[in-house]
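**Student:** Please find one structure pasted underneath; my questions will follow.
Every read-out reported here was derived from the displayed coordinates using simple, explicitly stated rules and does not represent laboratory data. Here the structure is a predicted model, which is why all the values come from computation and not from measurement. Backbone-built Cβ (ideal geometry, glycine too); neighbour counts: all protein chains shown.
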Amino acid sequence: MTILPRATTLHDVASPQRSTQVKVALLAHELLGSLVALVLRHVDAECRPVSSEAEVKALIEEWSPDLVVADLDRFEEAPTWVVRYVDGHARTPCLGLLRRRDTQSKLEAFERGVSDVIEIPFTPDEIVVRSIAAVMRDRGRKLEIQRRLQVGRFEMDLQEPGVRLNDQLVKLTLLEQTLLYLFLSNPGKVLKREDILTNIWGSQSAVTSNVIDRHIRDLRVKLQERWQEPKFIATEPGEGYRFVGERPAS
């Protein structure tokens, strides 16, 4: 588990009334971007998606984000764009998400100006802590962390891999917790196994779709639901999975 910076304040439950602490520009696939955006609610982040150099330039000029999080496998030049357009603005750190684990890819990312590299797969606490560290280092600001995040009936706990449901603590593995964040950040959308594999495990992983099915089956068991009568995660035959939320009792 990642250790939280000592200068960071940790609170128990995120309040929906809290104001934005940090502004984040996201350059990522919609699925991955929504996952990162939900996790960064632990620091009251406002996230805005961008998908081109022109959009990065416009957002820096008009909104002045505190942080850029970029999928370097899709937007390899993103750190260069950030460095290019910060003239006259405070330094904007760029966190790079990378599926490639070789040393050369990481070195090239730093040469382009990335502040830090986060390997995929990652855990929710790693995204939060690395973001906090980047803002502290480059912006000189301390952020407060909300340990628990309320999403519908789920209370996600950042400090330990678990979730509270119906006032009961459900212990999860780190991977199961990340999967649940992914489903909660994409309600109603069909998540294809290939997309889950790419955004959770990384495209170069040896993990197969059968392993994904097994982890989702284990998550369902812990949430006390059956695939035949899903309360939260429904199977879409031939496609993947969809978060449906809890159906009202009949």
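**Student:** What list of whole percents do you get for P(r) of region 25-116, with Cα-Cα distances grouped in 10 Å bins up to the one holding the largest distance?
**Tutor:** Binned Cα distances yield the sequence 17, 52, 29, 2.
**Student:** Mind giving me the nanometre distance, one decimal, between the label points for VAL190 and ASN210, set 7 Å out from Cα along Cα→Cβ?
**Tutor:** 2.4 nm
**Student:** Then there's this: Can you tell me the relative contact order of region 17-145? Whole percent, Cα pairs under 8 Å, sequence separation 6 or more. Can you show the working numbers first?
**Tutor:** On the way: 207 pairs, mean separation 31.6, N = 129.
Reported as a whole number, the value is 24 percent.
**Student:** Here's another thing I want to ask about it. Of the residues GLN177, GLN224, GLN150, which exhibits the maximal mean-square fluctuation in a Gaussian network model of the chain defined by a 10 Å Cα contact cut-off?
**Tutor:** Ranking GLN177, GLN224, GLN150 by mean-square fluctuation puts GLN224 first.
**Student:** Can you give me the Kirkwood hydrodynamic radius for region 102-198, using every pair of distinct Cα atoms, in Å to one decimal?
**Tutor:** Details: mean 1/r = 0.0640 Å⁻¹.
Roughly 15.6 Å, rounded to one decimal.
**Student:** Also, quick follow-up: How many percent of DSSP beta bridges within the chain run antiparallel, rounded to 5?
**Tutor:** Values: 20 of 42 bridges.
Approximately 50 percent, going by the DSSP bridge assignments.
**Student:** Between GLU119, GLU62, GLU155, find the one with the highest GNM mean-square fluctuation for the chain; connect C-alpha pairs within less than 10 Å.
**Tutor:** Largest GNM mean-square fluctuation: GLU62.
**Student:** How do SER19, SER209 line up, fewest other C-beta atoms within 10 Å first?
**Tutor:** SER19, SER209
**Student:** To continue, here is another question. I want to check the label-to-label distance for GLN224 and THR173. Put each point 7 Å from Cα in the C-beta direction and report it in nm to one decimal.
**Tutor:** 2.3 nm
**Student:** Based on the Cα atoms of the chain, what semi-axes does the equivalent ellipsoid have, where each is the square root of 5 times one gyration tensor eigenvalue, given in whole Å with the largest first?
**Tutor:** On the way: eigenvalues 192, 90, 50 Å².
Each semi-axis is the square root of five times an eigenvalue, giving 31, 21, 16 Å.
**Student:** Set the Förster distance to 30 Å, then compute FRET efficiency between VAL244 and GLU108 from the Cβ-Cβ distance, nearest 0.05. Working shown, then result.
**Tutor:** Working: r = 42 Å, r/R0 = 1.39.
The formula returns an efficiency of 0.10 here.
**Student:** Can you work out ³J(HN,Hα) from phi for every residue in region 150-158, in order, using Karplus 6.51 cos²θ - 1.76 cosθ + 1.60 and θ = phi - 60°, giving whole Hz and x for Gly and Pro?
**Tutor:** 8, 10, x, 8, 9, 10, 7, 10, 7
**Student:** Given Cα pairs under 8 Å that are at least 6 residues apart, what percent is the relative contact order of the chain?
**Tutor:** Values: 413 pairs, mean separation 46.2, N = 250.
Relative contact order of the chain: 18 percent.
**Student:** What does the highest-first list of 191-199, 39-47 look like by mean Cβ count within 10 Å? Write out the running numbers ahead of the final one.
**Tutor:** Values: 191-199: 18.8, 39-47: 22.3.
Top of the packing list down: 39-47, 191-199.
**Student:** Looking at the chain, how many pairs of lysines come closer than 25 Å at the Cα, when each pair is eight or more places apart or spans two chains?
**Tutor:** Total qualifying Lys-Lys pairs in the chain comes to 10.
**Student:** How many nm is it between the label spots at ASN166 and LYS231, if each spot is 7 Å from the Cα in line with the beta carbon?
**Tutor:** Modelled inter-label distance: 0.4 nm.
**Student:** Roughly speaking, what % of Cα-Cα pairs in region 147-243 are separated by over 23 Å, rounded to a whole number? Show your work: numbers first, answer last.
**Tutor:** Working: 976 of 4656 pairs.
Summing the P(r) of region 147-243 above 23 Å gives 21 percent of all pairs.
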